[in-house]
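Visitor: First, the structure itself, so that you have it in front of you.
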Amino acid sequence: MDTTKKAWVNGSFLVATIGINALGALGYINGLTQEEISNRFVTLITPSPFTFGIWGVIYSLLVISVIMMIVKKNDAYYQRAVDRITVLFIVSCILNMAWIIAFSYVQIELSVLFIFGLVITLALICRELLKGNDGKHWMLPLTFGTYTGWLLIATVVNTAAMLVKLNWSGFGIPADIWAIIVLVAAIILVTALLLRIRIAVFPLPVAWAYFGIYNYLRAPHGYKGEFVFLQNIALAGVVVLLALAAIQFYRNHVSLIPKS
């Protein structure tokens, strides 16, 4: 299959993915919206509802990226990128749709498996995009760095929701202590992945999620400021994640991506 056909195939899978996500969000799959299901399994690391508006940003970036793959079919960089990521991108779309369908049918355990596979696939796409990059082509790394960062924290939250569904006791450790452990561990994981991915934008969606967690802990419709120390940890996490992004930006010689 030539590069142009691959780009169009990517576009077709993206359209299908956006369609399934829209159906899930509107409650046309199993009669339940994503928000209604999430509200059944609220955890101490569940972000405020407004935080999920980042999906609009992510899908807008994906649409722009796929259009650029099609339009810039004669550009050497985009030709290489399409050849390298098409299979992975198709897999990511299939896993995304499977995740939404499983979650919509309240098969939380199964949805966790799909989202784990999805975030791993996206991380591999990020690695592929760095090969042969001259540091000037930033659109695809921006898109997939943002997507990967958000899916990483979504995986953590999805896993926490699964544990709530399973009525996990936490080995007798209070839920707020577990939440602190998870937030700190997630930052360590982001740091480790950033060393591999090296896309400066990668920690920013995670910082956005931490701000959403902080907001929900304080909000009248959330935990009403009950867990003060956990709030401070979430807010400190925002600062640390922003700092990680800034440091990587500097290490990339004031660029979103390093020159390979």
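The values are calculated or read from the model by the stated rules, or taken from the named source; none is laboratory data. These numbers come from a predicted model, not from an experiment. Ideal geometry is used to build each Cβ from the backbone, glycine not excepted, and the neighbour counts take in all protein chains shown.
Visitor: Which of the residues belonging to the range 64-121 are part of a helix (DSSP H, G or I) and aromatic (Phe, Trp, Tyr)? Don't jump to the end; show me each part of the working.
Guide: At the first step, the residues of the range 64-121 found to be part of a helix (DSSP H, G or I) are 64-71, 76-104, 108-121.
Residues satisfying the conditions are Tyr77, Tyr78, Phe89, Trp99, Phe103, Phe114, Phe116.
Visitor: Also: Name, by its number, the condition in (1) in contact with a Cys (Cβ under 9 Å, 6 or more places away or on another chain); (2) under 26 Å from Leu166 (Cα atoms) that does not hold for Tyr28.
Guide: Failing condition for Tyr28: (1).
Visitor: Would it be correct to say that Leu230 is within 19 Å of the chain's Cα centre (by Cα) and under 23 Å from Leu44 (Cβ atoms)?
Guide: Answer is no for this residue.
Visitor: Mind counting the residues in the range 223-260 that are farther than 30 Å from Ala175 by Cβ and β-branched (Val, Ile, Thr)?
Guide: Here the count works out to 3.
Every residue, every condition in (1) closer than 17 Å to Leu235 by Cβ; (2) polar (S, T, N, Q); (3) outside any helix (DSSP H, G or I), yes or no:
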| residue | (1), (2), (3) |
| --- | --- |
| Ala154 | no, no, no |
| Val157 | no, no, no |
| Ala161 | no, no, no |
| Asn167 | no, yes, yes |
| Phe171 | no, no, no |
| Trp178 | no, no, no |
| Val182 | yes, no, no |
| Ile188 | no, no, no |
| Ala192 | no, no, no |
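Visitor: Confirm whether Leu217 is modelled with pLDDT under 95 and crowded, with 20+ Cβ neighbours inside 10 Å.
Guide: It is false that Leu217 is modelled with pLDDT under 95 and crowded, with 20+ Cβ neighbours inside 10 Å.
Visitor: Pairs under 6 Å by beta carbon, first residue part of a helix (DSSP H, G or I) in the range 216-236, partner of a type in the set (Phe, Trp, Tyr), six or more apart or different chains?
Guide: Cβ pairs passing all conditions: Leu217/Tyr223; Leu217/Phe227; Gln231/Tyr214; Ala234/Tyr210; Ala234/Tyr214; Leu235/Tyr214.
Visitor: Can you tell me which of Leu44, Leu32, Leu110 is without any contact (Cβ under 8 Å) to a residue 24 or more places away in the chain, within 23 Å of Trp168 (Cβ to Cβ) and in contact with a helix residue (DSSP H, G or I) (Cβ under 9 Å, 6 or more places away or on another chain)?
Guide: Exactly one of Leu44, Leu32, Leu110 is without any contact (Cβ under 8 Å) to a residue 24 or more places away in the chain, within 23 Å of Trp168 (Cβ to Cβ) and in contact with a helix residue (DSSP H, G or I) (Cβ under 9 Å, 6 or more places away or on another chain), namely Leu110.
Visitor: Tell me which of these Thr17 doesn't satisfy, since it passes every other one: (1) under 21 Å from Val164 (Cα atoms); (2) in a helix (DSSP H, G or I); (3) among the polar types (S, T, N, Q).
Guide: Going through the list (1) under 21 Å from Val164 (Cα atoms); (2) in a helix (DSSP H, G or I); (3) among the polar types (S, T, N, Q), Thr17 breaks only (1).
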